[in-house]
1. For a protection proxy built on the mean count of beta-carbon atoms within 10 angstrom, sort 493-500, 512-519, 226-233 highest first, please.
2. With the crude spin-label approximation of a point 7 Å out along Cα→Cβ, what separation in nm comes out for residue 537 versus residue 243?
3. Counting other beta carbons within 10 Å of each residue's own, what order do 285, 445 fall into, fewest first?
4. Give me the distance between the Cα centres of the stretch 584-650 and the stretch 455-483, rounded to whole Å.
5. Given a Förster radius of 45 Å and the C-beta distance between residue 57 and residue 25 as r, what FRET efficiency does 1/(1 + (r/R0)^6) yield to the nearest 0.05?
6. Run the numbers for residue 143 and residue 384: contour at 0.36 nm per residue of separation, minus the present Cα-Cα distance, in nm.
7. Can you give me the convex hull volume of the Cα atoms of the stretch 54-235, divided per residue and expressed in Å³?
8. Once you keep just the Cα pairs under 8 angstrom separated by 6 or more residues, what percentage relative contact order results for the stretch 483-562?
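Computed from the coordinates by the stated procedures, all read-outs in this text should not be read as laboratory data. All figures in this text were calculated on a predicted structure; none of them were measured in a lab. No Cβ is skipped: glycine too gets one built from the backbone with ideal geometry, and neighbour counts run over all protein chains shown.
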């Protein structure tokens, strides 16, 4: 308990220094991760299923809540409610077990098919009035109370009442089978004071005001994981409803989008941008899957980021941020429509949402801006890599701590980069076709759950190749490749030139990574080519023949394999057996800030050229270009206006050439 109190105190202090503007300047993925990493899991016995199957399948929850006393001081957290659980029997049974946290819920009675109950150790065991056989549809009714406790799932204060359930907090405000694999439709009726607006999943079936109270009735026709079932309400809300029309399907479809906002907030900018996002993501992933889309800001009890509750996203106060909302909107497809079968699949939620932020940037500003965003994610991962894999099979059984499950470097940044690498591996046409077929597959995925194995199988099917190697190394293994590649250039003297490239990985904290790689060659006549090869073993040598002289050889020139470390020209080999009469020495100092010295030896009188290139093979400066007699020479190189980074200097004489790397600070 002491640790929990300390955590909350630190959280409160940290939150006091953060404003909506701070979050609006963050990536949406970062704000989302900050929120989720800080979630408190008070029930350490929470388990995720080893398999999505269990003895019964919940079909629908019908909740009826009386919240009339929760919106005014002293803001009690207690309420009375009923819950009718409708389920299909999968294995003959005469009792069922639901998750219900003892410290939050007081069970009063059970009825309908429920004969008696026992509530202990956060499990509600309901003895049924009969033994039911597979295929039977059964309903039990539970009368219960929520206690006046702060459980971080049912939140009350300052005129707000909202729920926040990920990963397994639904069991704190209603009895349920609280596993991500068991999705059910959701029917919510809530009585609130007449000045309160209340939103939930699905469509607003009706709202009726009777004197001082209003009854809201929300119905989700589409199945919802329990962690995405939501109430968001306030006596300080205004609501704007706009209609979004999509013309990309077989017929025009119109859907309402609801914006709940507080006094002093202005969501008008996002009311313009969200329809554009909806169209773009519908083009990429298939039409938005639900009856509505919606956004609602909460108060300081929801301190950070956003939560992608199905069809009604919760945002922090004032957080009408384009990056955050593009992230949470993408979750409506990935996480909500297709939900994780277990928590070992959380990367498919957050990786896709973070990657979709980059896709939205690409839609607005082009591929270069997209690639910069992905590189930013890759650098964030490499700078903060905790050294574990994206997915651990144990997480399917034992729910990991929130700071592991929602680790920003792994679950968000690295996962988004893995999707980029999948795009690089397959090519744009196959990648986007595969993702859209995955998201629109109504037989297996749409409105259902998934696992990494299922996702791999679908993408492999569409791509026409077995991608086990890709998922094994990038999802189930930690870390990333470290390349130290070498090459040499040779000629047969009759106009034929040869490049020999050896791909070498030297990492000791991960296995070898099979990947397609790109080798860039720039020729003496300044033309160039990029060659793509499949590198499936370490120290693999590739040879290429040309009818003109190669000058520069670079590995992954455009940094498409963003999850790597690489010395692009380590161990360059002299291309001439007589090169011993020439020598290019390492510059000193290296790295350097303003000026460096380069020494070289000339064995015979000849024309000597020394040139400096950037990483893309562009000539930066020519230092020497003249006839020189045998001897050792020195040339100075001043930084001048060069940007900090890696550069290469090259000596050439006839068929002889040699290069070295230098670093400008």
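1. Details: 493-500: 13.0, 512-519: 19.4, 226-233: 26.0.
Peptide ranking by packing, descending: 226-233, 512-519, 493-500.
2. 6.4
3. Going from sparsest to densest Cβ surroundings: 445, 285.
4. Taking the Cα centre of each part, the stretch 584-650 and the stretch 455-483 sit 42 Å apart.
5. According to the calculation, E is roughly 0.55.
6. Result: 82.0 nm gained on full extension.
7. Working: hull volume 18.7 nm³, N = 182.
Convex hull volume per residue, Cα atoms: 103 Å³.
8. This gives 35 percent for the stretch 483-562.
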